[in-house]
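The values are calculated or read from the model by the stated rules, or taken from the named source; none is laboratory data. Everything quoted here is computed from the prediction, not taken from an experiment. As a convention, Cβ positions derive from the backbone with ideal geometry for all residues, glycine included, and neighbour counts pool all protein chains shown. Heavy atoms of the whole protein, side chains included, go into the accessibility calculation; ligands, DNA and RNA do not. Shrake-Rupley method; radii C 1.70, N 1.55, O 1.52, S 1.80 Å.
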Amino acid sequence: MTPVSESQNYTNLTATTTVRSGNGAILGIFVASASATPTIKVADGAATIVNTFTPIAGTFYPIPARFSTSLVVTISGTVDCTVFWSP
């Protein structure tokens, strides 16, 4: 029997970043800290996956979605987060 593994690639962010070019899947985002009117938006290139939201520090946001163009995470304010994704 093969054990189930939910591990993924990860990218830690503090500014707007194209996490991956090409297709893949996002598992979610863990927000370590957030202040100064923080917001996060998740997009597939120019198409919105999750529209702008105000993150809370110490929270994991599950986002079980696939992207086809690129995974772009837009950050405003002060945010330290880790995006979990797979190619």
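For F60, indicate whether it is hydrophobic (A, V, I, L, M, F, W, C), open to solvent by 80 Å² or more (accessible area, probe 1.4 Å) and either assigned to a strand (DSSP E or B) or in contact (Cβ under 8 Å) with a residue 60 or more places away in the chain (or both). Break it down stepwise before answering.
Working: hydrophobic (A, V, I, L, M, F, W, C): yes; open to solvent by 80 Å² or more (accessible area, probe 1.4 Å): yes; either assigned to a strand (DSSP E or B) or in contact (Cβ under 8 Å) with a residue 60 or more places away in the chain (or both): yes.
When the stated conditions are applied, F60 passes them.
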> D80 fails exactly one of the following numbered conditions: (1) part of a strand (DSSP E or B); (2) of a type in the set (D, E, K, R); (3) out of contact with any Ser or Thr (no Cβ under 8 Å at 6 or more places or on another chain). What is the number of that condition?
Replying inline: (3)
>> For the range 17-39, check the following and say yes or no: at least one residue is of a type in the set (D, E, K, R), outside any loop (DSSP other than H, G, I, E, B), over 9 Å from the mean Cα position of the chain (by Cα) and surrounded by 13 or more Cβ atoms within 10 Å (Cβ to Cβ).
In response: yes
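Does A65 count as without any contact (Cβ under 8 Å) to a residue 40 or more places away in the chain and open to solvent by less than 40 Å² (accessible area, probe 1.4 Å)?
Numbers: without any contact (Cβ under 8 Å) to a residue 40 or more places away in the chain: no; open to solvent by less than 40 Å² (accessible area, probe 1.4 Å): yes.
Answer is no for this residue.
Which members of the range 40-57 meet the condition of being aliphatic (A, V, I, L, M) and surrounded by 15 or more Cβ atoms within 10 Å (Cβ to Cβ)?
The answer is I40, V42, A43, I49, V50.
Take N51 and decide whether it is without any contact (Cβ under 8 Å) to a residue 12 or more places away in the chain and not basic (K, R).
Values: without any contact (Cβ under 8 Å) to a residue 12 or more places away in the chain: yes; not basic (K, R): yes.
Yes; evaluated as a whole, the condition is true for this residue.
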>> Looking for something closer than 18 Å to N9 by Cβ, among the hydroxyl-bearing types (S, T, Y), crowded, with 16+ Cβ neighbours inside 10 Å and touching a residue at least 40 places away in the same chain (Cβ under 8 Å) - is there at least one such residue anywhere in the range 73-85?
In response: no
